[in-house]
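The values are calculated or read from the model by the stated rules, or taken from the named source; none is laboratory data. Note that the structure is a prediction, hence the values are computed from the model and not measured. Heads up, the Cβs are rebuilt from the backbone with ideal geometry, glycines too, and the neighbour counts pull from every protein chain shown.
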Amino acid sequence: MTELLQFALLGLGTGGVYALLGLGLVVIYRGSGVINFAQSGFALVGAYAVYRLQVEQEHGLAFSLVVAVLLCAALGVAVHFLVMKPLRTASPLARVIATLGVLTVLTQAVVLEYGARAVISKSPVPTEAVTFGDVVVGRYGFYLVAIAALVTVLLTVTSARTRFGYAISAAAENPRAASALGWSPDLLAGVTWAVGGGLAALAGAMMPATTAGFISPITFSILVIGALATALLGGFRSYPLALVGGVFLGVAQSLATRWSNQLLDPPHRPGIPDAVPFLVIIVVLVVRGRGLPLRGSITDRLPRVGTGRVRPGLVAVVAALAVLWVGVGAAQDWYAPVVISTTFAIIGLSVVVLVGYTGQLSLAQYALAGIGAFAAAKLVAAHGWRFEPALLVGVLVAMAVGLLFGLPALRTRGVNLAVVTFGLGFAVNQLVFSNSAYTEDARVLPTDLSLFGIPIDPVGHARNYAVVCLAFLVLAALAVANLRRGRAGRRLLAVRTNERAAAAIGVNVFEAKLYGFTLSAGIAGLGGVLFGFGYGAVLFQSIFQPGASISVLTLTVIGSAGYLVGPVVGSLLAPGGLVTLTSSEPVNAAVEETSSWQQYLPLLTGVLLLVILILNQNGVAERFDALTRPLRARIPGLRSAPPSALPAAVRTSVPARTLAVSGLTQRFGGFTALTDVSLTVGPGEVVGLLGPNGAGKTTLIDCVAGNNRLTAGSVTWDGADITRWAPYRRARAGLSRSFQSLELFDDLTVRENLLAAADPRDRSAYVVDLVRPGHPPLPAPVVAAVEELSLAPLLDRRAEDLSYGQRRLVAIARAVASSPSVLLLDEPAAGLDETESAELGRLVRRLADEWGMGVLLIEHDVALVLENADRVVVLDFGHKIAEGTPAEVRDDPAVRQAYLGEEAEAPA
C-alpha cells in the first residue's frame, strides 16, 4: 500500500503539466471552436525560451517565466489572426490540419536552433524530497498541482462571474449574435489563443521539474496526447473537470509504470504508461459517441476532389519514361530518393482515399504503414518467407488493423476521429515499434530478396528496387482512380459530403466508412513494406514515428488531398526524397551545403502548408487543374470527353407498397414535437401534409425515414414493422425522401448525384471497382426524371455550381432516381417561382398516376397541396387536427384557426 501511494503521488507532477496544457486547450476551444494540436509546440517554445533566458543568459526565474509566457501568448494571437481567422470559413478538418502545420513550424524552429538533443534546464519549483511516513516523494508535484488549481480558479471565476467570460461563451455559441451585441468574436478568440499559448508556455517551463531537468523536442512530442485526453475529460468546456482529468492521467500513468515494472518482464515494459492517455481518449470518445460541436460546421467546405479520369495513353507514356529514367538514365545515388518519394506517394494515396474521398481525418497512416512493414519483415527475416507472399500478408495485416482503427469512426467523425487516430498511432509506436523484444528479429533482412525471380535487394540491386516501387505506385494510383469513378467511390463521396443524405439513398454509412479505412490501410501497408524494406534493415522506431503521419498528411494536403496527383506532388518534398536532387553535389563541399539546405525542409513544409491552406485549401494540383483547364480543352486527347447521349426514357411502374404511421410520438428532452400522429400513404396516392411553422412536419419525415428514434408509436411498410430499421435499409426497401435543406453531394456532378442514388448496393463493387469501375449510363427511370425536370443540360456540372432553383430540382430528381415506392418530399417548392411550382405539382401528380408512386408532400404552398393531393393531413403544434379531401380540409374550422388565428364563420 505504501508503494502504491508513493507511485500515485509521483504522478502529480505530470498531472499538473497535463492540467495546464489541457486548460489551455479548453480556453482556445471555448473561444474559437478549434482543437489546437499545436499546444505541445507552444509548450516546447516556452520551455526553451526559459532555458535560454535562465540558463544561457543567466536571467532570473521570474523574468524568464514572464517573457516566455508573453512570447507564447503573442504567438497564440499571431496564429489566430494570421492563420485561423483566414480559415474561419474552412472545414474543421482544414483548421485542425492548420494547427498541425503550426506544430511543425514551432517544433522545427526549436530543432534548428538547438537540435534534437536533450538540454538540462532548471526546475522553476522546489524539487526536494518530502516524507509522509514511509512515503518519500518530491515537492514539485504538489507545487504543479497547486499552480494548475490556481489557474483553474481564475479561469472559472472569469468565465462565470465576468461580462468578458459571458461574452466568450456567447461568441462560442453564436458569433453573429455576440457581434450584434458589440463584442468582436475575433478579438475574443484572439484573447483565448493568447491565454492558451501562455498556459502552454507555463506548462513547458514546469516540465524540467518532472524530468530531472532534461528537456528535448522528443519529450514534448508526446505531451499533446495527454493534453487532448485531459481536455476531453473536461468535455472541452469545464475547467475544474480538466484539472481533475489532468491529475487523474498523471496518477494513472505513474501507477501503470508500477504495474508494468512488477508484472511484466523487462523486455515488454516500454510504452505501456505512455499509452494510458490514449486509452482514456478511446473510452471518452467512443463510449460517449458524441462529437464536439464545431463552429462553422453548417457551412463547411471540404477540399475538392478530382474526377479520377485516366487517360491511358498519357499514363503509359509517363510511366514508360519514368521507368526508363530510373532503370537506365538515373545515377546510382538517385535510387534512394526515388524509393523514398514513390513509397511516400503510395502512403499519400491512402490519405486521398481516407481524407479526400471518405472525409475521415486519420493521423495514423504511417503507423499502419509500419504495421504492414512489421508483419512482412517478421515473415521474411524470422521465418524465411519469400518477398511476394510476405508483401501480400503485410498488406492484409495492415488492412485488418485499419479495420480496427476504423471502428471508432462508427461513433466519432472528423476532428474527434483525428484525436482518436493520433492516439492510436502514438500507442502503436510506443508499444510495438519502440519495443526491441518485438522488432529485434524483424530488422535485418536477407540480401537475396527477389520479386518473381528478379533480384530487388535495395543494397545490391537498388535500380531494380526503385523500378519496383515506381511500378507499385502506378498500380496503386490506377486502383484509386478506378475507385473514384466507380460505385464504391460514389458511396464514399456521398458519405464524406453528407452522411444523412447518403443513408437516405440507401448507402450503409458504417460499411462505407469501414471500407474507406480498410482500403486506405492496405495502401498504406503496401507503401510501408516498400519503404521499410528499402533500407536493407527495417528501422521501425526511427522511420515510423508518429510525426511521420503528420508529415504525409501535410504534404498530401499541399499537393491536393482529393487529387491523385496530390501525393505525387507532395512526395517531391519528402525528407530524403526527390527534392534532394535539386542540388548538385560534385564535391564534398557541395554535399555539406545540400545537407545544410535540407535541414530547413520540414520548417519550409510547415510554412508552405499554412500558405496553401490560407490561399486555397484544395491544394496545388487542384489549382493547376483549374488554371490549365481552358488550355487542355484545346488539345486533342486532353480535353474532356463529350457527354454521352442519354438512353431512352422509360416510365416503369414501381412496386406497390403502403406506408403506415401509427400513434407516432416524438419528444426531445422536455419538448414534445409530435403527439399520437397516424397516417397512411398508399400506392399511387398523393397525401399532403400541411401545418404552420413548428407544427412538426419535418420531424414527422425524419421519424418515418429513420433519422429519429421514436418515443412511441410504429412505422409499418406493407404491414411489416420497420420502426427499428436503419435509414439506409428503409431507402433500399423503397422509401425515399428529399430534404428541406436539399443536402446534395456538392463534390459530385448532377449525373453522379443521380447515379449515387440509382446504383445497386452490391458489396462486390468494393473490390471490382478497383480494377474495372465501368461507365454505367443513367438508368431509364432516372432519364425519365431528368426529362421531367429538364436537367439534361446540367448533368455534367457540379452540384455546388448550380443555382438554388436548379439544386432543388436536382434534389427531387435524386429522390426519384431509385424508383421508390413511397416518396417523402419536404418542401420541394421552396425557392421556386409560380411557374416552376405549377410544373412541380404536375410532376408530383404524374409520379403518382403514371409511376404508381405514393407521395407524402410537405409544403407551405397551400394551393400546390390542395390542387394535387388526394388527401390532406394537417398538423398544429404536433397534433393532427384534420384529415380528409382537399375540399374538406379547406373548409375545416380548426384548420382556418391554425392558419388564420380565428374561427371560421359557421355556415348559414
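A few notes on this one:
- Selection of the range 601-636 for residues being exposed (fewer than 12 other Cβ atoms within 10 Å of the Cβ) and at pLDDT below 85 yields Pro630, Leu631, Ala633, Arg634, Ile635, Pro636.
- Residue in the range 124-142 that is more than 23 Å from Thr14 (Cα to Cα) and in contact with a helix residue (DSSP H, G or I) (Cβ under 7 Å, 6 or more places away or on another chain) present: no
- Residue check for Ala98: assigned to a helix (DSSP H, G or I) and modelled with pLDDT of 95 or more: no
- Checked against the criterion of being out of contact with any Gly (no Cβ under 9 Å at 6 or more places or on another chain) and in a helix (DSSP H, G or I), the range 213-229 contains one or more residues that satisfy it.
- Selection of the range 723-732 for residues being aromatic (Phe, Trp, Tyr) and either exposed (fewer than 15 other Cβ atoms within 10 Å of the Cβ) or farther than 19 Å from Asp826 by Cβ (or both) yields only Trp725.
- Flag if Ala160 is closer than 13 Å to Leu20 by Cβ and loosely packed, with under 14 Cβ neighbours inside 10 Å: no
- Test: residue in the range 525-537 that is under 21 Å from the mean Cα position of the chain (by Cα), crowded, with 24+ Cβ neighbours inside 10 Å and assigned to a helix (DSSP H, G or I): yes
- Taken together, Leu875, Leu847, Leu825, Leu866 contain a single residue that is out of contact with any His (no Cβ under 6 Å at 6 or more places or on another chain) and outside the structural domain of Pro692 (by TED's automatic domain parsing), which is Leu847.
- When the helices (runs of 4 or more DSSP H) confined to the range 461-507 are screened for residues that are touching a helix residue (DSSP H, G or I) at 6+ places or on another chain (Cβ under 8 Å) and surrounded by fewer than 20 Cβ atoms within 10 Å (Cβ to Cβ), those reaching at least 1 such residues are found at 462-485, 499-504.
- Residue ID - nearest to Val681 (Cα to Cα), chosen from residues in the range 733-744 that are among the hydroxyl-bearing types (Ser, Thr, Tyr) and buried (at least 19 other Cβ atoms within 10 Å of the Cβ): Ser736
- Test: residue in the range 68-76 that is free of Cβ contacts under 8 Å to residues at least 24 places away in the same chain and either of a type in the set (S, T, N, Q) or in contact with a helix residue (DSSP H, G or I) (Cβ under 9 Å, 6 or more places away or on another chain) (or both): no
- The single condition from (1) out of contact with any Lys or Arg (no Cβ under 9 Å at 6 or more places or on another chain); (2) surrounded by fewer than 24 Cβ atoms within 10 Å (Cβ to Cβ); (3) of a type outside the set (A, V, I, L, M) that Phe42 fails is (2).
- Qualifying residue in the range 404-419 (condition: farther than 30 Å from Val353 by Cα, in contact (Cβ under 8 Å) with a residue 24 or more places away in the chain, out of contact with any Gly (no Cβ under 7 Å at 6 or more places or on another chain) and of a type outside the set (S, T, N, Q)): no
- The range 521-563: number of residues that are more than 25 Å from Gln360 (Cβ to Cβ) and in contact with a Lys or Arg (Cβ under 6 Å, 6 or more places away or on another chain): 2
- Subset of the range 733-773 [in contact with a Gly (Cβ under 8 Å, 6 or more places away or on another chain) and closer than 21 Å to Arg657 by Cβ]: Ala757, Arg761
- Of the residues screened, Ala177 is not one that is among the small types (Gly, Ala, Ser), within 19 Å of Ser238 (Cα to Cα), under 29 Å from the mean Cα position of the chain (by Cα) and assigned to a helix (DSSP H, G or I).
- Scanning the range 432-460 for residues that are assigned to a loop (DSSP other than H, G, I, E, B), at negative phi and loosely packed, with under 15 Cβ neighbours inside 10 Å yields Pro446, Thr447, Asp448, Val459, Gly460.
- Residue satisfying condition, being β-branched (Val, Ile, Thr) and surrounded by 22 or more Cβ atoms within 10 Å (Cβ to Cβ), within set Thr131, Thr127, Thr104, Thr89: Thr104
- In the range 727-815, counting only helices (runs of 4 or more DSSP H) that sit wholly within it, the ones holding 3 or more residues that are modelled with pLDDT of 90 or more span 727-733, 750-758, 765-768.
- Filtered by the rule that a residue be part of a helix (DSSP H, G or I) and under 21 Å from Ala848 (Cβ atoms), the range 866-894 gives Leu866, Glu867, Asn868, Pro886, Ala887, Glu888, Val889, Arg890.
- Yes/no for Gly878 being over 23 Å from Val750 (Cα atoms), in contact with an Asp or Glu (Cβ under 6 Å, 6 or more places away or on another chain) and not hydrophobic (A, V, I, L, M, F, W, C): no
- Residues (at negative phi, touching a Leu at 6+ places or on another chain (Cβ under 9 Å), surrounded by 18 or more Cβ atoms within 10 Å (Cβ to Cβ) and not aromatic (Phe, Trp, Tyr)) located in the range 698-722: Thr699, Leu700, Ile701, Cys703, Val704, Ala705, Leu710, Val715, Ile722
- Residue in the range 829-837 that is part of a loop (DSSP other than H, G, I, E, B) and either in contact with a strand residue (DSSP E or B) (Cβ under 7 Å, 6 or more places away or on another chain) or among the hydroxyl-bearing types (Ser, Thr, Tyr) (or both) present: no
- Restricting the range 235-270 to residues that are in a loop (DSSP other than H, G, I, E, B) and over 15 Å from Gln430 (Cβ atoms), the residue that is modelled with the lowest pLDDT: Asp265
- Which listed residue is at pLDDT 90 or above and of a type outside the set (Ser, Thr, Tyr), from Gly547, Gly534, Gly570: Gly570
- Total residues in the range 200-214, condition surrounded by fewer than 24 Cβ atoms within 10 Å (Cβ to Cβ) and under 12 Å from Gly46 (Cα atoms): 0
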